[in-house]
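Please treat every number below as a calculation from the coordinates, not as lab data. Just so you know, these numbers come straight off a predicted model, no measurement behind them. Positions of Cβ are generated from backbone atoms using ideal geometry, with glycine treated the same way; all protein chains shown enter the neighbour counts.
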Amino acid sequence: MTKLLEGVRVLDLTNVLAGPFCCYQLAQLGADVIKVETPETGDLARQLGADPDLNTRRMGASFLAQNAGKRSVTINLKHPKGRETFLRLAGTADAVVENFRPGVLDRLGVGYDALLAAHPGLVYCGITGFGADGPLRDNPAYDQIVQGLSGVMSITGDAGSAPLRAGFPVCDTMGGMTAAFAVCAALLRRARTGEGERIDVSMLEATLVAMGWAVSNWLIAGVEPVPMGNENMTAAPSGTFTTGDGPINIAANKQEQFEDLCDLVGRPDLAADPRFADREARKANRYALRDALETALATRSATRWSEALNARGVPAGPVLDIPRVLETEQVKRRGLVRQFDAVPGVDQPVSVVRAGFRLGSGDPGPAAPPPVLGGDTDAILNELGYSADAIEALRRDKAI
């Protein structure tokens with residue numbers, strides 16, 4: 001099986017999440033992703049995660065989650081010989097991904113212009129909080145900062161809890177996904193024409209694009225989005241409802257789905273009630289409709305209601321936590337989780353999630369476990385033509 005990006009080399013100069021997430025997607029598609037890290041410390045994510053022992057080993061859970069399938073080389077970009085080594089490595093790459101603040105790599109002498117001189121056809125992707133220009137370009141950015149600035153927090157939660165942070169780093173993730181998409185598109189053109197590209201990814205903009213419906217309601221309809229908790233702004237009954245044993249999500253967004261829902265819960269009269277007769281009426285009276293439905297839903301469990309509703313074509317599902325969803329037959333059967341039994345630097349098996357899609361030619365996934373810091377330095381420099389003595393000299397000089 002030929003991987004989609006087999007033969008493509010990507011240099012990953014990124015830290016923590018947005019950039020590593022981008023390069024993890026590329027690695028799963030077969031790219032040779034070389035993670036270029038600072039000697040001794042490496043990616044900050046190596047020290048992040050819920051297991052303090054792994055953090056101490058520079059193999060934190062946050063790092064393990066986004067770096068399988070990559071190789072790690074440590075290069076000191078502040079050292080002249082380190083910069084020389086990096087530029088030599090860049091001459092063998094098809095793409096470079098970095099998430100330093102704008103101008104940092106230029107000051108180190110390894111920015112876009114220097115890399116372009118080393119490799120005129122290079123695809124260069126910079127991921128920042130706000131983009132390479134504009135008044136916020138130099139501001140540091142973490143996911144929560146972007147969540148607040150983008151409007152995500154303003155519409156998360158309900159009237160009593162908003163503004164509320166989303167439960168995972170959604171802006172970092174969207175920034176990384178956007179970058180991976182852009183890099184793949186640039187590589188496609190490069191394969192046809194040999195032309196490189198400079199990609200400027202803003203986490204703020206990537207998040208706003210992902211908020212398409214919320215943004216368009218303001219841009220097009222002039223309606224400012226408001227926090228609605230678990231309610232769906234476009235339809236009712238559509239949201240989270242209480243059952244006999246826990247919450248269930250129901251999305252009866254079409255008229256026929258609403259009528260089937262009323263029939264299944266033993267309340268066909270609701271479909272004939274003028275307050276709920278059509279979509280706009282139901283939206284205007286959503287909370288009265290919710291009260292009526294939850295009284296009926298209290299007679300069964302979320303799982304049983306889900307089975308019955310889905311059998312009739314009404315989208316529904318129980319609300320699960322992370323451990324429970326990973327144990328569902330659906331997730332297990334499709335092989336989303338990949339386990340590595342032996343991981344250097346870790347005294348336990350490591351499981352990671354693969355790509356969120358499958359391929360007829362062979363499913364994407366990491367070919368190797370996450371690397372220890374600098375574990376591939378000698379091998380990669382050997383590939384560049386450095387002798388063992390030359391590598392040892394670089395190490396003595398603290399260039400690697």
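Alpha carbons only, please: Rg and Dmax for the chain, in angstrom.
For the chain, the Cα-based Rg and Dmax read 25.2, 85 Å.
What are the equivalent ellipsoid semi-axes of segment 345-400, built from the alpha-carbon gyration tensor (square roots of five times its eigenvalues), in whole angstrom, biggest first?
On the way: eigenvalues 224, 51, 12 Å².
Over the Cα atoms of segment 345-400, the semi-axes work out to 33, 16, 8 Å.
Give the relative contact order (percent, whole number) for segment 238-319; include only Cα pairs under 8 Å separated by 6+ residues. Walk me through the intermediate numbers first.
Working: 112 pairs, mean separation 36.1, N = 82.
Taking the mean separation of contacting Cα pairs over the length of segment 238-319, I get 44 percent.
Using every alpha carbon pair in segment 238-319, what percent of pairs falls into each 5 Å bin from 0 up to the bin containing the largest distance?
3, 17, 30, 30, 15, 5, 0
Could you state the angle between the C-alpha long axis of helix 18-28 and the longest principal axis of the C-alpha atoms of the chain, as a value from 0 to 90 degrees rounded to the nearest 10?
80
With a 10 Å radius around each residue's Cβ, average the other Cβ atoms per peptide and rank 242-249, 277-284, highest first. Intermediate results must be reported in sequence, preceding the final value.
On the way: 242-249: 16.6, 277-284: 14.6.
In descending order of packing, they fall as 242-249, 277-284.
Return one number: the angle in degrees, 0 to 90 and rounded to the nearest 10, between the long axis of the Cα atoms of helix 302-311 and the longest principal axis of the Cα atoms of the chain.
80
Got the relative contact order for the chain handy, in percent, Cα pairs under 8 Å and 6 or more residues apart? Numbers along the way, then the final one.
On the way: 738 pairs, mean separation 75.0, N = 400.
RCO, the chain: 19 percent.
Compute the projected area of the convex hull of the Cα atoms of segment 21-166, averaged over all viewing directions, and report it in nm² to one decimal place. Let's see the in-between values first.
Working: hull surface 43.9 nm².
About 11.0 nm², averaged over all directions.
Students often check this: by mean Cβ neighbours within 10 Å, which of 377-387, 328-338 ranks highest, and how do the rest follow?
Details: 377-387: 15.5, 328-338: 11.7.
My ranking of the peptides, most packed first, is 377-387, 328-338.
How large is ³J(HN,Hα) for each residue in segment 142-155, as worked out from phi by the Karplus curve 6.51 cos²θ - 1.76 cosθ + 1.60 (θ = phi - 60°), to whole Hz, x for Gly and Pro?
Using θ = phi - 60°, the values come out as 10, 3, 5, 4, 5, 4, x, 6, 7, x, 4, 5, 5, 10 Hz.
Over the Cα atoms of segment 147-286, what radius of gyration and what Dmax do you get, in Å?
Just the Cα atoms of segment 147-286 yield Rg and Dmax of 20.5, 66 Å.
Which shape class, rounded, prolate or oblate, goes with segment 278-400 when its Cα gyration tensor gives a ≥ b ≥ c as root eigenvalues, a/c under 1.5 marks rounded, and past that a/b bigger than b/c marks prolate? Don't skip to the end; give the middle numbers.
Details: a/c = 3.63, a/b = 3.21, b/c = 1.13.
It is prolate, given that a/c is not under 1.5 and a/b is the larger ratio.
Compute the length gained on full extension between Glu224 and Asp278: take 0.36 nm times their separation in residues and subtract their Cα-Cα distance, giving the result in nm to one decimal.
Numbers: separation 54, 0.36 × 54 = 19.44 nm, distance 2.35 nm.
Result: 17.1 nm gained on full extension.
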